[in-house]
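Read through the structure below, which is laid out as structure tokens, and then see the notes.
Quick note: the coordinates plus some simple rules give every number you see, no bench work behind them. Note that the coordinates shown come from a computational prediction; the quantities given were computed from them, not determined experimentally. No Cβ is skipped: glycine too gets one built from the backbone with ideal geometry, and neighbour counts run over all protein chains shown.
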Amino acid sequence: MHRILLILLLALPVNLFAQSDSAAFDHLPFAMYDTDTGFGAGYKAVLRNALGTRESFDLTLFASTKGERWVRIGWSLPDAELRQRTVYPVAIDVVLDYDKMIMHSFFGVGSGSRFDDREFYSFEPLELTTAFSRGFSPSMVARLQLRFKRVWSYSFETLSRLREHPDNAATADLWSIGVQLRYDTRNSVIHPTSGHVLQGEMEQALDLSPAAYEWTRIAAWAQYYTSFGDLTLALRTGLQSMSGEVPIQHMLPIGGNSTVRGIPGDRYLDRNSAVANAELRFPLFRCLAAVAGMDAGAVAPGVGSLSDARWIVTPVVGLRLIFDTFVTRADLGYSGDAIGFYLNFGHIF
């Protein structure tokens, strides 16, 4: 979500217990203004180990005057932070996510899409994910994921190119099964300061409903964290590739708050993408911290053409509120297209 001009935190998160393995409740009401979604208000809360089973409940609510509605509900058993660097027989993570955006942007498909071709439409995704994982060792984790996602696209402009695009789907369903193998030595999944991650993924979408599509996605990610005193260097690189019948609503995006900050969300779309991020993270005062870094990314119709695609590189600065159960981030990224302001939860990686 792009947040522009004003971010007002109404209350700092309150943590009821100091130790991570005890019951904890962090919450954060917030208000802000965004030129795309208008004035908005929201609430973030995480309740961990309240039942004494090392579980966690996660809630995010947001609404704005221009029509964005975001609800995310999550449940984990055991909590991801509590099971990090441990051996465990099985863990369950369930996430329900609904995020209606009444003014979503479409620029085109491919690295040659132009900012001047930007058009707006309504984009309404509903997603339910259930994942089962096992920690075979403190650093080796396998994960099986079942995912359903439905995307409604409507309210196209009168001369919309998207509406007539052959890969556009007014309703696009996703029924998929995915597997992931991860080697993970991070000292934390919430605020890592040391360790590294090597991760491989494969996801298969199945044609199980009239609006469903059948495609395959493979991905590889690497992350690295090291500290020099209070300064943490965080690095990430990733490559994703899709094959099969891929509608625009399921294509791999570059832009927004999770890939290349400083260009609008979904600025570039295609079946293959590459991302690289580098951040220097350092504390300022108590739970307030800051970051400075660079993002880079590209999309292409084939993996082999990524090296020849247009790579976008953007500088980024930001602030963080760091607590036991989640991180709140506010970032500013700059590109030739725009200046992007973002408010979200969790480090970008």
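A few comments on the model shown:
- Rounded to the nearest whole Hz, the Karplus-based 3J(HN,Hα) values (6.51 cos²θ - 1.76 cosθ + 1.60, θ = phi - 60°) of region 223-235 follow the sequence 9, 9, 9, 8, 10, 10, x, 8, 9, 10, 9, 10, 10, with x at glycine and proline.
- Cβ-based exposure ranking for Arg54, Arg286, in which fewest neighbours within 10 Å come first: Arg286, Arg54
- For the pair region 191-231 / region 272-307, the C-alpha centres are spaced 14 Å from each other.
- Within region 57-101: backbone nitrogen closer than 20 Å to the Ala23 label point (7 Å, Cα to C-beta): 57-59, 74-83
- Of Gly336, Gly110, Gly229, the residue with the greatest mean-square motion in the GNM of the chain, using alpha carbon springs below 10 Å, is Gly229.
- Computed over neighbours whose Cβ is under 11 Å from that of Asn187, the net charge equals 0, Lys and Arg +1, Asp and Glu -1.
- Contact order, relative form, for the chain: 12 percent (alpha carbon pairs under 8 Å, 6 or more residues apart, mean separation divided by residue count).
- When both region 91-107 and region 113-168 are represented by their alpha-carbon centers, they are found 7 Å apart.
- Rg/Rh (Cα only; Kirkwood hydrodynamic radius) as it applies to region 125-169: 1.33
- Cβ-Cβ FRET estimate between Trp75 and Arg118, R0 fixed at 35 Å, reported to 0.05: 0.40
- For Ile102, Ile263, Ile339, Ile218, the sequence from fewest to most other C-beta atoms within 10 Å is Ile339, Ile218, Ile102, Ile263.
- Angstrom value of the Kirkwood radius, inverse mean 1/r, which spans all Cα pairs in region 212-349: 15.8 Å
- Taking the convex hull of Cα positions in the chain, its mean projected area over all directions (nm²): 16.9 nm²
- On the principal axes of its alpha carbon atoms, region 207-269 extends 56, 24, 16 Å, with the longest extent given first.
- Mean residue ellipticity at 222 nm, helices only, the chain: -500 deg cm²/dmol; runs of at least 4 DSSP H residues each add -39,500 (n - 2.57), and the sum is divided by the number of residues.
- As a proxy for reagent exposure, ranking Val275, Val179 by other Cβ atoms within 10 Å from fewest up yields Val179, Val275.
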